[in-house]
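Novice: Have a look at this one before I ask anything.
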Amino acid sequence: MTGHFSTQLIDADGNWLKQTDRYNSSADIAPTAAQMPRSVGLALASVLYRKNAELKGFDSFSNNGNEITWISIGNASTAEGHFWEAVNAIGVLHAPAIISIYDDGYGISVPNEFQMVKENIYAILQGFQRVPCPAEQCDRGYDIYQVPAWDYPALLRTYQEAADTARKYHIPALVHVTDATQPQGHSTSGSQERYKSKERLEWEYDLDCLRRFRQYLIDNNVATDEQLSEFEAEDKKTVEQARKKAWESFQGPIKEFVKTTSQRLSELAASASTQKVEIEAINNRLVSIQDPIFSDAASAIHQALVLTKDHPTESRKALVNLSTSLETERQAYYNKFLFSDSARSPLKVKPVEAKYSEGSPTLMGFEVLNKAFDEILARQPLMVAFGEDVGHLGDVNQAFRGLQEKYGPLRVSDTGIREATILGQAIGLALRGFRPIAEIQYLDYLLYALQTMADDLSNLRWRTAGRQQAPVIIRTRGHRLEGIFHSGSPMAGIINLIRGIHVAVPRNMTQAAGFYNTLIEGDDPALVVEVLNGYRLKERLPDNLAEFKLPLGVPEVLREGKDLTLVTYGATVRIAQQAAERLAQVGIDVELIDVQTLLPFDLNHMIVDSLKKTSRVLFVDEDMPGGTTAYMMQEVLEKQGGYPWLDSAPRTLSAANHRPAYGTDGDYYSKPNAESIFNAVYEIMRESDPNRFPAIL
Ligand SMILES: Cc1ncc(C[n+]2csc(CCOP(=O)(O)OP(=O)(O)O)c2C)c(N)n1
Ligand SMILES: [Mg+2]
């Protein structure tokens, strides 16, 4: 974990720092090969900055696309799918990346024979080798090198050549660094003596590249043995001093707080005659901790407060205050940076309502989106859109129709079928200033990209304490369709894994356009799930489509009612509307609320306000039972304090516990429909007034 490096890319106000006058390192993560997807975008950015003449002014991000992306990966991690997907994508994109594979023959204890065919990554990468040709005319493919880790001059030569070619011609390179050794075990409990032979360990000692490099310096008269020993001693001292300084600055505020806590505990002990001895013991235990942390103090305070709960005194009150302020301060410290709090946070984008006039035309849903994307591409030169079939075809549902022709293939482009690296392409581009809209063709296939969303994108700002950001917009479509695939709505799986990404679930394409307009102004990542069966439904085009912006976290009351609050989103909104009309005919007045965004969820607690009026609630969606309906229920009952306002048990109605079954009937019996929503509402009402609402079945 101590090897997770990164450099600062944005300042405290969220402004990009200049990237061309320094080396930049995108924040590392622990899953092996998970760095690969984002490197696709980091490398591709150089291609776009070089080839798109309109971007010449963005010189704080690029100097004519001369930047190379350096990627490193261990030998065993090349067995991961992400590695192969990224290597292929980088090759296809002709992107200047240099991929180093450090080969120590093992992945922790598992040797290469269990990692890759032929036990040799160099041998199996040969198919990626470019056809010999002058670099200027070269078609896609890599330069592939092999070099031992202990041979310093050979490493210099190899990397210089690879870098020159990559920088000048945007030809990527794969460098297989052999004979790497493992100076330490993987962890304190995984010492390599347990799985390596004596001969192997001797071989590693002999070929240790640090020892070899030292000898190289001596042999080439760069420094003498004595000088190097002196340098090493000095270095040790410097590092030890830095360690001490860092530790002291970390411990300073904690020790200060422990001191205050100890004083308060002494005061409490003095004021509490019966618990004096026990409180003093708590205090003594706290102050005797050699390297305390804040939670040691929190725990001591808690014990003392429990002991004295029946004896309120002034000194106890002081301790309560100390406890509250510590908790608030620590929670704020650890929760900070999940989202942007800059002036450009999408939550601060000023909403603009859609305006309609008599002349507002009625279009198909996809045409509304098509116009919205056209407007965004026209006003935002760093916006790029890509995905499977997005370029030439204009996406499978036509929202990008004609836009590649209009804006060129550098801005609207096709990708291979490679969801993880489509997402990674977006992250890398966003890290270098672009505003990507990455399309994942169907919600079901977002799962291929979910690891990258969960482990990399969603926590990027948080794990760098606000020093890096990637405002990626992920566009996908899903929910209702008929059949086992292209029809799922696994929203809970998604929203529970990507805290740190906003999630919008617009009910139609106009609402979707409103969210895209907001998100492209913001600096946070977001996912927008469009309703798959809505592209060919008619919608009225707002007169102010380009300006229209929807706020995140603000539900919309689509139908006012006094008997029951029906909370839903996305594709079930239309079905809920039908059910509400039918319920009105039997005297049940439903208040229908479209939550619009799942993350954030109803920031102003509109839903609990509705409950105060109706005192009954039903949550509906197409996710699994206990999925997003349960999430919404927890938000409303627990966070918003909805429970005391209820006169009936709260209920959820979701899809069945399996994938949607085939055909119209399969869909009907797998997901909520107008009848099942009607029945769920009717049952709640019947329970409260059986005479007025006699059984239907
Ligand atoms: C996805 C994932 N699986 C497992 C691990 C646990 N793990 C950490 S390092 C490692 C071995 C990596 O070997 P290699 O890629 O050869 O790199 P090396 O440490 O040998 O340089 C494993 C399995 C992980 N971090 N991520
Ligand atoms: Mg290894």
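The values are calculated or read from the model by the stated rules, or taken from the named source; none is laboratory data. Since the structure is predicted, the reported quantities are computational estimates derived from the model, not experimental observations. Methodologically, a virtual Cβ is constructed for each residue, glycine included, from the backbone with ideal geometry; neighbour enumeration extends over all protein chains shown. Surface accessibility is based on the protein's heavy atoms, side chains included, excluding ligands, DNA and RNA. Shrake-Rupley method; radii C 1.70, N 1.55, O 1.52, S 1.80 Å.
Novice: I want to confirm something. Restricting to the stretch 83-104 and keeping residues that are outside any strand (DSSP E or B) and within 16 Å of ligand 2 (Cβ to nearest atom), which single residue is farthest from PHE114 (Cα to Cα)?
Specialist: Among residues in the stretch 83-104 that are outside any strand (DSSP E or B) and within 16 Å of ligand 2 (Cβ to nearest atom), the one farthest from PHE114 (Cα to Cα) is PHE83.
Novice: If you check TYR142 against the conditions, is it away from ligand 2 (no atom under 12 Å from the Cβ), among the hydroxyl-bearing types (Ser, Thr, Tyr) and either in contact with a His (Cβ under 7 Å, 6 or more places away or on another chain) or open to solvent by 40 Å² or more (accessible area, probe 1.4 Å) (or both)?
Specialist: On the way: away from ligand 2 (no atom under 12 Å from the Cβ): yes; among the hydroxyl-bearing types (Ser, Thr, Tyr): yes; either in contact with a His (Cβ under 7 Å, 6 or more places away or on another chain) or open to solvent by 40 Å² or more (accessible area, probe 1.4 Å) (or both): no.
No: the conditions fail for TYR142.
Novice: Please list, ordered by first then second residue, the pairs with beta carbon atoms under 7 Å, 6 or more apart or interchain, first in the stretch 1-27 and aliphatic (A, V, I, L, M), second open to solvent by 50 Å² or more (accessible area, probe 1.4 Å) and outside any loop (DSSP other than H, G, I, E, B).
Specialist: LEU9/TRP16; ILE10/TRP16; ALA27/ARG463
Novice: Now for a different question. Taking the stretch 59-73, which residues are surrounded by fewer than 20 Cβ atoms within 10 Å (Cβ to Cβ), farther than 15 Å from ARG22 by Cα and within 26 Å of the chain's Cα centre (by Cα)?
Specialist: Scanning the stretch 59-73 gives a single hit, SER72.
Novice: Given the conditions (1) assigned to a loop (DSSP other than H, G, I, E, B); (2) closer than 30 Å to GLN468 by Cα; (3) open to solvent by 10 Å² or more (accessible area, probe 1.4 Å), which single one is not true for ASP524?
Specialist: Here ASP524 meets the rest and fails (3).
Novice: On to the next question. State the number of residues belonging to the stretch 1-14 that are open to solvent by less than 60 Å² (accessible area, probe 1.4 Å), out of contact with any helix residue (DSSP H, G or I) (no Cβ under 8 Å at 6 or more places or on another chain) and more than 25 Å from ILE108 (Cα to Cα).
Specialist: Number of matching residues: 4.
Novice: Quick one: which residue in TYR152, TYR102 is more than 15 Å from ligand 1 (Cβ to nearest atom), under 25 Å from GLN182 (Cα atoms) and either at pLDDT 95 or above or hydroxyl-bearing (Ser, Thr, Tyr) (or both)? Let's see the steps before the verdict.
Specialist: Values: TYR102 fails: more than 15 Å from ligand 1 (Cβ to nearest atom).
Result of the check over TYR152, TYR102: TYR152.
Novice: Is there a residue being of a type outside the set (Phe, Trp, Tyr) and under 29 Å from ARG463 (Cα atoms) anywhere in the stretch 567-590?
Specialist: Of the stretch 567-590, the ones of a type outside the set (Phe, Trp, Tyr) are 567-568, 570-590.
With under 29 Å from ARG463 (Cα atoms) added as a condition, the list becomes none.
Checked the stretch 567-590: no residue is of a type outside the set (Phe, Trp, Tyr) and under 29 Å from ARG463 (Cα atoms).
Novice: On the phi > 0 side of the Ramachandran plot and among the hydrophobic types (A, V, I, L, M, F, W, C), is that true of ILE108? Reasoning before the result, please.
Specialist: Values: on the phi > 0 side of the Ramachandran plot: yes; among the hydrophobic types (A, V, I, L, M, F, W, C): yes.
So ILE108 passes the test.
Novice: Residues that are in a helix (DSSP H, G or I) and free of Cβ contacts under 8 Å to residues at least 60 places away in the same chain: does the stretch 183-192 have at least one?
Specialist: No; the residues of the stretch 183-192 include none that is in a helix (DSSP H, G or I) and free of Cβ contacts under 8 Å to residues at least 60 places away in the same chain.
Novice: Return the residue satisfying two criteria in turn: it lies in the stretch 29-58 and is under 24 Å from the mean Cα position of the chain (by Cα), part of a loop (DSSP other than H, G, I, E, B) and surrounded by 16 or more Cβ atoms within 10 Å (Cβ to Cβ), and of such residues it is nearest to ligand 2 (Cβ to nearest atom).
Specialist: This residue is THR32.
Novice: Moving on to the next point. Being open to solvent by less than 20 Å² (accessible area, probe 1.4 Å) and either polar (S, T, N, Q) or within 10 Å of the chain's Cα centre (by Cα) (or both) is the filter here, so list the residues in the stretch 455-470 that pass it.
Specialist: Filtering the stretch 455-470 for residues open to solvent by less than 20 Å² (accessible area, probe 1.4 Å) gives 456-458, 460, 464, 466, 468-470.
Within the stretch 455-470, ASP456, LEU457, SER458, LEU460, THR464, GLN468, GLN469, ALA470 meet the criteria.
Novice: If we scan the stretch 73-88, do we find a residue that is within 16 Å of ligand 1 (Cβ to nearest atom), touching a Lys or Arg at 6+ places or on another chain (Cβ under 6 Å), in contact (Cβ under 8 Å) with a residue 60 or more places away in the chain and within 22 Å of ASP139 (Cβ to Cβ)? It would help to see each step written out before you state the result.
Specialist: Here is the first cut: in the stretch 73-88, the residues within 16 Å of ligand 1 (Cβ to nearest atom) are 73-87.
Those still in the list that are touching a Lys or Arg at 6+ places or on another chain (Cβ under 6 Å) too: 85.
Among the residues that remain, those that are also in contact (Cβ under 8 Å) with a residue 60 or more places away in the chain are: 85.
If we keep only those that are within 22 Å of ASP139 (Cβ to Cβ) as well, we get 85.
Looking for residues that are within 16 Å of ligand 1 (Cβ to nearest atom), touching a Lys or Arg at 6+ places or on another chain (Cβ under 6 Å), in contact (Cβ under 8 Å) with a residue 60 or more places away in the chain and within 22 Å of ASP139 (Cβ to Cβ), one finds at least one in the stretch 73-88, hence yes.
Novice: State yes or no: is LEU207 free of Cβ contacts under 8 Å to residues at least 60 places away in the same chain, closer than 28 Å to THR178 by Cα and in contact with a strand residue (DSSP E or B) (Cβ under 9 Å, 6 or more places away or on another chain)? Step through it out loud before you land on a result.
Specialist: On the way: free of Cβ contacts under 8 Å to residues at least 60 places away in the same chain: yes; closer than 28 Å to THR178 by Cα: yes; in contact with a strand residue (DSSP E or B) (Cβ under 9 Å, 6 or more places away or on another chain): yes.
Yes, satisfied.
Novice: Quick one: ASP341 ticks every box in (1) acidic (Asp, Glu); (2) in a helix (DSSP H, G or I); (3) within 26 Å of ARG499 (Cα to Cα) except a single one, so which number is it?
Specialist: With respect to (1) acidic (Asp, Glu); (2) in a helix (DSSP H, G or I); (3) within 26 Å of ARG499 (Cα to Cα), ASP341 is out only on (2).
Novice: Can you tell me which residue in the stretch 622-652 is farthest from ILE677 (Cα to Cα), limited to those that are open to solvent by less than 30 Å² (accessible area, probe 1.4 Å) and in contact with a strand residue (DSSP E or B) (Cβ under 6 Å, 6 or more places away or on another chain)?
Specialist: MET632
Novice: Now for a separate question. Name every residue in the stretch 262-281 that is open to solvent by less than 70 Å² (accessible area, probe 1.4 Å) and farther than 18 Å from LYS317 by Cβ, in order of residue number. Explain how you work it out, then say what you get.
Specialist: Filtering the stretch 262-281 down to residues open to solvent by less than 70 Å² (accessible area, probe 1.4 Å) leaves 262, 264-266, 268-269, 271-272, 275, 279, 281.
The answer is ALA281, and nothing else.
Novice: Could you list, ordered by first residue, the pairs with Cβ atoms under 6 Å in which the first is in the stretch 102-117 and under 14 Å from GLU193 (Cα atoms) and the second is more than 9 Å from ligand 2 (Cβ to nearest atom) and of a type outside the set (Asp, Glu), at least 6 apart or interchain?
Specialist: So the pair list comes out as ILE108/HIS186; SER109/TYR195.
Novice: For the stretch 556-570, what are the residues that are open to solvent by less than 10 Å² (accessible area, probe 1.4 Å) and either farther than 17 Å from LYS612 by Cα or within 24 Å of the chain's Cα centre (by Cα) (or both)? Please lay out each step first, then the result.
Specialist: Going through the stretch 556-570, the residues open to solvent by less than 10 Å² (accessible area, probe 1.4 Å) turn out to be 561, 564-570.
Across the stretch 556-570, the qualifying residues are THR568, TYR569, GLY570.
Novice: Sort out which residues of the stretch 63-82 are among the small types (Gly, Ala, Ser) and more than 10 Å from ligand 2 (Cβ to nearest atom), and write them in order of number.
Specialist: Keep residues of the stretch 63-82 that are among the small types (Gly, Ala, Ser), which gives 65, 72, 74, 76-77, 79, 81.
Of everything in the stretch 63-82, those that are among the small types (Gly, Ala, Ser) and more than 10 Å from ligand 2 (Cβ to nearest atom) turn out to be GLY65, SER72, ALA79, GLY81.
Novice: Looking at the stretch 477-487, which of the residues that are surrounded by 24 or more Cβ atoms within 10 Å (Cβ to Cβ) and small (Gly, Ala, Ser) is modelled with the highest pLDDT?
Specialist: GLY478
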